[in-house]
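**Q** One structure, pasted below without further comment.
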Amino acid sequence: MKFAVMSKGDEVSNKLQQRIKTYLTDFELEYDDHEPDIVISVGGDGTLLYAFHQYSDRLEETAFVGIHTGHLGFYADWVPDEVEKLVIHIARTPFQIVEYPLLEVIVRYLDGGKENRYLALNECTVKSDEGSLVMNVEIKGELFETFRGDGLCISTPSGSTAYNKALGGAIIHPSLPSLQLSEMASINNRVFRTVGSPLVLPQHHTCMLKPVNDVDFRITIDHLFLLHKKVKSIQCRVAEEKIRFARFRPFPFWKRVKESFVKD
Ligand code: NAD
């Protein structure tokens, strides 16, 4: 089996990265950061997001597992003290795979330029480059509303505990292939009106955002930020692809939610 280890870059994570490399090589696993079967991310959720984007073109062949060197992560459940145990699991036991849905985002341009396709593990956010965001929101090809406000967030189920939660969105179990559209400070008065509630869309219901006036937008895909000019539309739906996590023990989603947000 071929493996790669990705570090957050701080001293603790780098040391752990080296130890994991040495242990797994001693177990006669091959280090290959081009075509790994398993990627071990050492750091936090941000490191796992980074690892996902590094290998998003070979999701069917690569599984991910996360070790957190800081506070408990949503994607990184192993702690540094357990690293020997994890290494033995990776080397000796065939692991189970748990798949989580992803978000597909396609940005199309007015000048006929080549469209860009992205996959998000957490979410895509859209804000105006200047002033309020004004967007027509279409669902399944029908105009649903004209949104005016700070921005829109379209999240995956596993991303529902991240930015989406801070916007008052619901927490969605990752076994439900869906996307959630949540508002950032919508303008609601006698003239302008939006639904005001987060919307959860099933697989194959496409959400299309179409500019009303301005056509330059700040779009994030997870931790990645880009300014897109002359945008014609932003299409969001549940992706065909999924992320595959290597599971060596149960890691119940609701337990993670409780430990992160409820219990001390
Ligand atoms: P960062 O360093 O600013 O970390 C943001 C925090 O989000 C970290 O504590 C991280 O553990 C947590 N996080 C990431 N994914 C999560 C998930 N799926 N569930 C629960 N918590 C999660 O930035 P980063 O590490 O590069 O992560 C980028 C993410 O930051 C974005 O995908 C977005 O979800 C999140 N973010 C959140 C807010 C907010 O809550 N107001 C604002 C901007 C970005």
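Read-outs throughout are calculated quantities, based only on the coordinates presented, and are distinct from any laboratory measurement. Source: prediction; values computed, not measured. Every residue, glycine as well, gets a Cβ built from its backbone with ideal geometry; the counts of neighbours run over all protein chains shown.
**Q** Fully extended, how many nm does the chain gain between H173 and N189 (0.36 nm per residue separation, minus their Cα-Cα distance)?
**A** 2.4 nm
**Q** Select from segment 1-91 those trypsin sites (Lys or Arg not before Pro) which occupy a DSSP coil region and have at most 15 other Cβ atoms within 10 Å, ordered by residue number.
**A** R58
**Q** Using the Karplus curve 6.51 cos²θ - 1.76 cosθ + 1.60 with θ = phi - 60°, what ³J(HN,Hα) values do you get for each residue of segment 106-116, in whole Hz, with x for Gly and Pro?
**A** Karplus values, whole Hz, x for Gly and Pro: 10, 9, 10, 10, 5, 7, x, x, 5, 5, 10.
**Q** Right, something else. At 222 nm, what value in deg cm²/dmol follows for the chain if DSSP H runs of at least 4 each add -39500 (n - 2.57) and the sum is divided by all its residues, to the nearest 500?
**A** Numbers: 5 runs with 49 residues, N = 264.
Mean residue ellipticity at 222 nm (helix-derived): -5500 deg cm²/dmol.
**Q** Turning to a different aspect of this structure: In nanometres, what is the gap between the two model label sites at Y109 and D10, each 7 Å from Cα along Cα-to-Cβ?
**A** 3.8 nm
**Q** Rounded to the nearest 0.05, what FRET efficiency do D57 and S197 give with R0 = 25 Å and r taken as the Cβ-Cβ distance? Could you check?
**A** E(calc), rounded to 0.05, equals 0.10.
**Q** Next question, about the same structure. Rg(Cα) of the chain divided by 2.2 N^0.38 Å?
**A** Numbers: Rg = 19.9 Å, N = 264, 2.2 N^0.38 = 18.3 Å.
Output field value: 1.09.
**Q** May I ask which of K127/K242; K21/K127; K2/K114; K2/K242 have a Cα-Cα span longer than 29 Å here?
**A** In this structure, K21/K127; K2/K114 lie more than 29 Å apart at Cα.
**Q** Also, quick follow-up: What FRET efficiency comes out for Q18 versus F95 if R0 is 22 angstrom and r is the Cβ-Cβ distance? Round to the nearest 0.05.
**A** According to the calculation, E is roughly 0.45.
**Q** Hey, rough spin-label estimate for V134 and D26, points 7 angstrom out along Cα→Cβ, what's it come to in nanometres?
**A** Here the modelled spin labels are 6.5 nm apart.
**Q** If you put +1 on each Lys and Arg Cβ and -1 on each Asp and Glu Cβ, how big is the dipole of segment 102-240 around its Cα centre, in Debye rounded to 20?
**A** 140 debye
**Q** Still on this model: Normalise the Debye intensity by I(0) for segment 138-218, one equal point scatterer per Cα, no solvent, then take log10 at q = 0.14, 0.15 Å⁻¹ and round to two decimals.
**A** With one equal scatterer per Cα and no solvent, log10 I(q)/I(0) is -0.48, -0.55.
**Q** State to the nearest 20 debye the size of the charge dipole of the chain about its Cα centre, where the only charges are +1 on K and R beta carbons and -1 on D and E beta carbons.
**A** 740 debye
**Q** Rg(Cα) of segment 102-240 divided by 2.2 N^0.38 Å?
**A** 0.96
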